[in-house]
Amino acid sequence: MSDLNPMPLPDLTDEERATYEWQMWVPGFGELGQRKLKRASVLVSRIGGVGGLVAYQLAAAGVGRLVLAHAGNVKPSDLNRQLLMTHDQVGKPRIDSAVRRLRELNPRLQIRGVAENVHPGNARALVEDVDLVVDCAPLFEERFAMNDAAVQLRKPMVECAMYDMEAQITTIVPGQTPCLRCLHPEAPRTWTRQFPVFGAVSGVVACLAAVEAIKMLTGIGQPLTGRILKCDLRNMNFFSLQISRRADCPTCMVQSQESSDSPPSNCHSDSISDA
Ligand SMILES: [Zn+2]
């Protein structure tokens, strides 16, 4: 299995070996997989009901560096699902609460907290800073900005969405799989900023996204590339669909014209099936 990240793998300390002992027993992962996670950096766009738990799972798993982007202050209505937020932080910046909670869990973790939501003006710089993106933003403007930056920079992106008791997730590998604009050429007109949600539902898609990120960063398993997993949690039906690139997708067309000879992404791509 080839490893496309040019940076040397860091060694683990005795404390890290003790902390991650149980997951290093996972077949195919081992100490080599743990060292790959330690080397890795991940951007999580929004750290609410989905992204907060993505960040928590990646911090617990020993990803070396997280970049977190989320504006605004903690509100009482965040607390049914945004597990990095606490009552004592209501009225204070979300990003501060998140960084504190993650450092309590994993003091070795490097964290860059950005008190902004992703937008076309900052997406590229944020994506450039990491190996992989997990998109957990609720609004299509943010999701399109992240998608376009990830495709342009050839960084893999785990794309999560949920509404009510339904969730869906796919993993985008630029140049190989459909991107978000292949799936949604325009923002759905019915999409709204506020939506019905249980924390347990947003947490399901978050944990799936964290598993996808770990797989992409370490090369284990078969990622959700060229497929979208749909989860109907009201009836407990899970199924995946094959998805295809759109020949007229403006994001994918620009990427293939601009970067045909640019360096590959920092993640494994050898286990990826084309759509
Ligand atoms: Zn596309």
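What follows draws every value from the coordinates through simple rules; no lab data is involved. Source: prediction; values computed, not measured. We place every Cβ from the backbone using ideal geometry, glycine too, and count neighbours over all the protein chains shown.
What's the magnitude of the charge dipole for region 40-258 around its Cα centre, counting Lys and Arg as +1 and Asp and Glu as -1 at the beta-carbon? Answer in Debye, nearest 20.
That gives region 40-258 a dipole magnitude of about 280 debye.
Past 22 Å, Cα to Cα, is the threshold; run LYS75/LYS155; LYS38/LYS215; LYS36/LYS155; LYS36/LYS215 against it and keep the listed order.
In this structure, LYS75/LYS155 lie more than 22 Å apart at Cα.
For a footprinting-style exposure proxy, rank VAL173, VAL201, VAL158 by other Cβ within 10 Å, fewest first.
Final ranking by Cβ density, sparse to dense: VAL201, VAL173, VAL158.
Can you list the aspartates and glutamates whose alpha carbon is less than 16 Å from that of LYS92, not counting same-chain residues fewer than 8 positions off?
The reachable aspartates and glutamates, counting only those whose Cα sits under 16 Å from LYS92, are ASP78, GLU116.
What is the spin-label model distance, in nm, from ASP129 to PHE239 if the labels are put 7 Å beyond Cα along the C-beta direction?
Placing both labels 7 Å beyond Cα along the Cβ direction yields 4.1 nm.
Spelling out what I want: for every residue of region 51-64, take phi, set θ = phi - 60°, compute 6.51 cos²θ - 1.76 cosθ + 1.60 (Karplus), and round to whole Hz; glycine and proline get x.
x, x, 7, 4, 4, 5, 5, 6, 5, 5, 6, x, 4, x
Name the residues whose placed amide hydrogens come within less than 5 Å of the amide hydrogen of ARG112, ignoring near sequence neighbours (fewer than 5 apart) on the same chain.
LEU66, VAL67, LEU68
Kindly state, to the nearest 0.05, the FRET efficiency for VAL90 paired with ARG193, given R0 = 22 Å and r defined as their beta-carbon distance. List each step's numbers first, then the result.
On the way: r = 20 Å, r/R0 = 0.90.
According to the calculation, E is roughly 0.65.
Please rank HIS119, HIS70, fewest neighbouring Cβ atoms within 10 Å first, as an exposure proxy.
Values: HIS119 15, HIS70 26.
In order of increasing Cβ crowding within 10 Å: HIS119, HIS70.
Compute the separation of the alpha-carbon centres of region 39-64 and region 87-152 and state it in Å as a whole number.
Value for the Cα centre distance between the two parts: 9 Å.
Which distance in nm do the two modelled labels at GLU104 and GLU21 give, with both placed 7 Å along the Cα-to-Cβ direction?
A separation of 2.5 nm, rounded to one decimal place.
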